[in-house]
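Novice: The following block contains the structure, expressed as structure tokens.
The values are calculated or read from the model by the stated rules, or taken from the named source; none is laboratory data. These numbers come from a predicted model, not from an experiment. Because the Cβ atoms are built from the backbone with ideal geometry, glycine has one as well, and the counts that use them run over all protein chains shown. Heavy atoms of the whole protein, side chains included, go into the accessibility calculation; ligands, DNA and RNA do not. Shrake-Rupley method; radii C 1.70, N 1.55, O 1.52, S 1.80 Å.
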Amino acid sequence: MKTFCGRANPTTGSMEWLEEGEDYDYHQEIARSRYADMLHDKDRNVKYYQGIRAAVSRVKERGEKAIVLDIGTGTGLLSMMAASAGADFCYAIEVFKPMANAAVKIVEKNGFSDKIKVINKHSTEVTVGPDGDMQCRANILVTELFDTELIGEGALPTYEHAHKYLVQEGCEAVPHRATVYVQLVESRRMWSWKKLFPVHVEAEDGEKILVPPSEMENCPGLASVCDIQLNQMPSSDFSTLSDVVKMFSVDFSKPVQSASTCYRVQLEPVKSGKAQIVLSWWDIDMDPSGMINCSMAPYWVKPTSALQWRDHWMQCVYFLPHEEPVLQGEKLYLTACRDEYSVWYNLQKARAEEEEHKADVCVESPVCRCRAHLLWNRPRFGALNDQSRTRQYIESLRKVLKTDSVCLCISDGSLLPVLAHYLGAKQVQHAGSGCMQPSRIDLYHPHELWQAFFKANNLEDKIKIIEARPELLKPSHLEDKKISVLVGEPFFTTSLLPWHNLYFWYARTAVSSHLASNVTVLPQSASLHMMIVQFQDLWRIRSPCGICEGFDVRTMDDMIKDSLNFRESKEAEPHPLWEYPCKSLSEPQEVLTFDFTKTVPQHCLSTEGSVKLVRKGKSHGAVLWMEYHLTADISVSTGLMQLSNEKGNCEWNPHCKQAVYFFSSVIESEILSDPTAVTYDIKFDTKTGEIAMDFKL
């Protein structure tokens, strides 16, 4: 059966109806899943195996049969561990049908069909009894339902239900407990992902300071966690204000409560500073004694132990509702509140009367009232706060603006209209905020955010917001004037891959009739760049596992491979490479250019060639990014910022995701003799706005 899927094309801006096979969603789910990453997580697998062996032994020592319930079995790995450790029977529950089918095949291939029953249901729908899915309640509960925040995948309600209906009282649980740790820090870099800092502009008539409106300044932001690879955050980018503290723990062998609750700990800052951020991570004890421990602690907490790289569990960054100045040695209370799926934090100064009755104040989950946190993601805040980036735009606007300039800005949530006004443009209009997806306008009203912004800076009557898509622009929107300067960063909230922001080119084409004959377009052009790299670890998310702790999981490898090859041409995928170190094996190369001074051509843009490998290493894939040439001598890169030549270490733009195209040698796990060059064939289809690429080693 085929279904029609509607989507707004992020590059061309047009609404498209695509015919997709019924398997499309499932292939997307599998291809983008983290199953491979989990199977490569040696530390996790070994610790689970040790914990399961120990739990089975404890049950056997009591003279009982070991009956295992494995919720969220995935490949069936943990059930096979239990069966090979001597469990009498395992019930393996998996709600995702394609995955459950794969688990059945994997269990059979490994010879455990008589010991393991795969149940394709949500655990809350599983029945127990002579005619049920399970003959009896289990006495060993094994799960891996955790995400970076521990509870974000619904672990608590799942455990709560399992203890009520599926397992015996006093059962063994693997893991036995989880503990959440926190540390209070000051970090301008991380705080810049939540707040908009004032912007300083040197104008003809003195310095102007652009300030955020008070509702943005006082907004607590969103409760959603910011999960990142904290091990890639250099210690120079934050300052720890407290020791690491245990915030709360959950014992999975006893009934679990999922109802909202709060936990409170007392902190004494080890140095004075501005408390802005709570960094958090967890560990799990696989056994009651805590001897078998699996920890997500970052590098500065356990500097001696070798860190296991993993992408399915990282570390959490939580933003306090407000910055709080703290003094070394003063008493503070940090409160963690949680509901079934998320956690948020509050910091209070201790007062004498509070000592008496520590009121467990359950604080409401933070809600964004300024709209900015709903419209912009954290990297977008980071980009808007990047002073050197803003300076490049100010410099280039200075070069092109005149006192009679009629300026139109097409970009989402951009400061460019304000900068253009301060730098002397006669008339400034702003289009593009949410204009690509009318649904977003209805939801978050970006124009209201900008009206508040203009009001806070006394610019209400200086900048006009046009609420129309570029192709629907009329002369009356522009007061019958022709546009002499068209500007864009370009940035659009719907962009996932670097070239999606080429929507600016399509918008520029749509407004052609409104442009003056001598119009200046900024940026004047863009180029697509590429480099061949070897990843330190990211390759693992696409690499087949084969044998995992002695179990054959190649069925899973084949399933991932089929889903990655589901499309005729393989696709690049977006990753923030500042979190994923790699070394360049080739020099960066410009492969395509896009001339914004002209309209989008009817014909495809294509290029082919070869890139020479200048360093030895494993060619895992190609990284692609865009560079925007604002003026003849000022360019901004969305990808590579710096390359150290000796080792080939790369520094990436931290506010953007780069496109990664994994070579089939990673997906097929081929061992290649050292290639000396990589040939490429890249086509930009101007009708669909899509880039197809092919590489050969």
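Novice: Within the range 395-405, track down each residue that is among the aliphatic types (A, V, I, L, M) and open to solvent by less than 10 Å² (accessible area, probe 1.4 Å).
Specialist: Residue satisfying the conditions is Leu397 alone.
Novice: Now a separate question. Ala155 versus (1) crowded, with 22+ Cβ neighbours inside 10 Å; (2) of a type outside the set (Phe, Trp, Tyr); (3) in contact (Cβ under 8 Å) with a residue 40 or more places away in the chain: which is the lone unmet condition?
Specialist: With (1) crowded, with 22+ Cβ neighbours inside 10 Å; (2) of a type outside the set (Phe, Trp, Tyr); (3) in contact (Cβ under 8 Å) with a residue 40 or more places away in the chain applied to Ala155, the lone miss is (3).
Novice: Which residues, counting only those in the range 128-143, are under 21 Å from Arg310 (Cα atoms) and open to solvent by 20 Å² or more (accessible area, probe 1.4 Å)?
Specialist: none
Novice: Go through the range 371-394 and give me each residue that's open to solvent by 10 Å² or more (accessible area, probe 1.4 Å) and touching a Phe, Trp or Tyr at 6+ places or on another chain (Cβ under 8 Å).
Specialist: Arg371, Leu374, Leu375, Arg378, Pro379, Asn385
Novice: Among the numbered criteria (1) out of contact with any helix residue (DSSP H, G or I) (no Cβ under 7 Å at 6 or more places or on another chain); (2) not in a helix (DSSP H, G or I), which single criterion is violated by Cys409?
Specialist: (1)
Novice: Hey, among the residues in the range 462-481 that are closer than 16 Å to Glu448 by Cα, outside any loop (DSSP other than H, G, I, E, B) and aliphatic (A, V, I, L, M), which one's most open to solvent (accessible area, probe 1.4 Å)?
Specialist: Step one: list which residues in the range 462-481 are closer than 16 Å to Glu448 by Cα, which gives 462-468.
Now drop any that are not outside any loop (DSSP other than H, G, I, E, B), which leaves 463-465.
So of that shortlist, the ones also aliphatic (A, V, I, L, M) come out as 463, 465.
Working: Ile463: 9, Ile465: 39 Å².
Per the stated criteria, the residue is Ile465.
Novice: Okay, moving on. If I go through the range 252-275 residue by residue, how many of them are under 27 Å from the mean Cα position of the chain (by Cα) and either among the small types (Gly, Ala, Ser) or assigned to a loop (DSSP other than H, G, I, E, B) (or both)?
Specialist: Of the residues in that region, 3 qualify.
Novice: Right, next: Specify which of the listed residues (Ile682, Ile691) is under 23 Å from the mean Cα position of the chain (by Cα), more than 23 Å from Arg540 (Cβ to Cβ) and not assigned by the TED database to the domain that holds Thr12.
Specialist: Step by step, each of Ile682, Ile691 is checked, and only Ile691 is under 23 Å from the mean Cα position of the chain (by Cα), more than 23 Å from Arg540 (Cβ to Cβ) and not assigned by the TED database to the domain that holds Thr12.
Novice: Does Glu549 qualify as being surrounded by fewer than 20 Cβ atoms within 10 Å (Cβ to Cβ), assigned by the TED database to the domain that holds Ser637 and touching a residue at least 40 places away in the same chain (Cβ under 8 Å)? Before you say what the answer is, go through the steps one by one.
Specialist: Working: surrounded by fewer than 20 Cβ atoms within 10 Å (Cβ to Cβ): yes; assigned by the TED database to the domain that holds Ser637: no; touching a residue at least 40 places away in the same chain (Cβ under 8 Å): yes.
For Glu549, the condition - surrounded by fewer than 20 Cβ atoms within 10 Å (Cβ to Cβ), assigned by the TED database to the domain that holds Ser637 and touching a residue at least 40 places away in the same chain (Cβ under 8 Å) - is not met.
Novice: Still on this structure, I have one more. Being assigned to a helix (DSSP H, G or I) and either in contact (Cβ under 8 Å) with a residue 60 or more places away in the chain or open to solvent by less than 10 Å² (accessible area, probe 1.4 Å) (or both): is that true of Met559 here?
Specialist: yes
Novice: Next question, about the same structure. Kindly provide the set of residues from the range 100-109 that are surrounded by fewer than 24 Cβ atoms within 10 Å (Cβ to Cβ) and not basic (Lys, Arg), ordered by number.
Specialist: Ala100, Asn101, Val104, Glu108
Novice: Same structure again: Scan Gly152, Gly132 and give me the residue that is out of contact with any helix residue (DSSP H, G or I) (no Cβ under 7 Å at 6 or more places or on another chain) and closer than 28 Å to Ser260 by Cβ.
Specialist: Gly152
Novice: I need the full set of residues from the range 41-94 which are surrounded by fewer than 24 Cβ atoms within 10 Å (Cβ to Cβ) and among the polar types (S, T, N, Q), in order please.
Specialist: Asn45, Gln50, Ser57, Ser84 - these are the residues of the range 41-94 that are surrounded by fewer than 24 Cβ atoms within 10 Å (Cβ to Cβ) and among the polar types (S, T, N, Q).
Novice: Listed residues Ser249, Ser242, Ser236; which is modelled with pLDDT of 95 or more, closer than 18 Å to Gln183 by Cα, among the hydroxyl-bearing types (Ser, Thr, Tyr) and part of a strand (DSSP E or B)?
Specialist: Of Ser249, Ser242, Ser236, the one residue that is modelled with pLDDT of 95 or more, closer than 18 Å to Gln183 by Cα, among the hydroxyl-bearing types (Ser, Thr, Tyr) and part of a strand (DSSP E or B) is Ser249.
Novice: Separate question: Taking the range 286-336, which residues are open to solvent by 20 Å² or more (accessible area, probe 1.4 Å) and either in the same structural domain as Glu149 (by the TED database) or assigned to a strand (DSSP E or B) (or both)?
Specialist: Across the range 286-336, the qualifying residues are Asn293, Ser295, Phe319, Pro321, His322, Glu323, Glu324, Pro325.
Novice: Taking the range 107-136, which residues are part of a helix (DSSP H, G or I) and out of contact with any strand residue (DSSP E or B) (no Cβ under 7 Å at 6 or more places or on another chain)? Walk me through it before giving the result.
Specialist: The first filter runs over the range 107-136 and keeps only residues part of a helix (DSSP H, G or I), leaving 107-109, 123-125.
Of everything in the range 107-136, those that are part of a helix (DSSP H, G or I) and out of contact with any strand residue (DSSP E or B) (no Cβ under 7 Å at 6 or more places or on another chain) turn out to be Glu108, Thr124, Glu125.
Novice: Could you list, in sequence order, all residues of the range 369-387 that are outside any helix (DSSP H, G or I) and under 16 Å from the mean Cα position of the chain (by Cα)?
Specialist: Matches in the range 369-387: Trp376, Asn377.
Novice: Hey, does the range 502-519 have a residue that's surrounded by fewer than 18 Cβ atoms within 10 Å (Cβ to Cβ), touching a residue at least 40 places away in the same chain (Cβ under 8 Å) and β-branched (Val, Ile, Thr)?
Specialist: Yes, some residue in the range 502-519 is surrounded by fewer than 18 Cβ atoms within 10 Å (Cβ to Cβ), touching a residue at least 40 places away in the same chain (Cβ under 8 Å) and β-branched (Val, Ile, Thr).
Novice: Go through the range 135-150 residue by residue and tally those that are among the acidic types (Asp, Glu) and free of Cβ contacts under 8 Å to residues at least 60 places away in the same chain.
Specialist: First, pick out the residues of the range 135-150 that are among the acidic types (Asp, Glu): 144, 147, 149.
From the residues that got through so far, the ones that are free of Cβ contacts under 8 Å to residues at least 60 places away in the same chain too are none.
Final tally of qualifying residues: 0.
Novice: Consider the range 653-686. How many of its residues are among the basic types (Lys, Arg) and either under 27 Å from Asp557 (Cβ atoms) or modelled with pLDDT under 95 (or both)?
Specialist: 1
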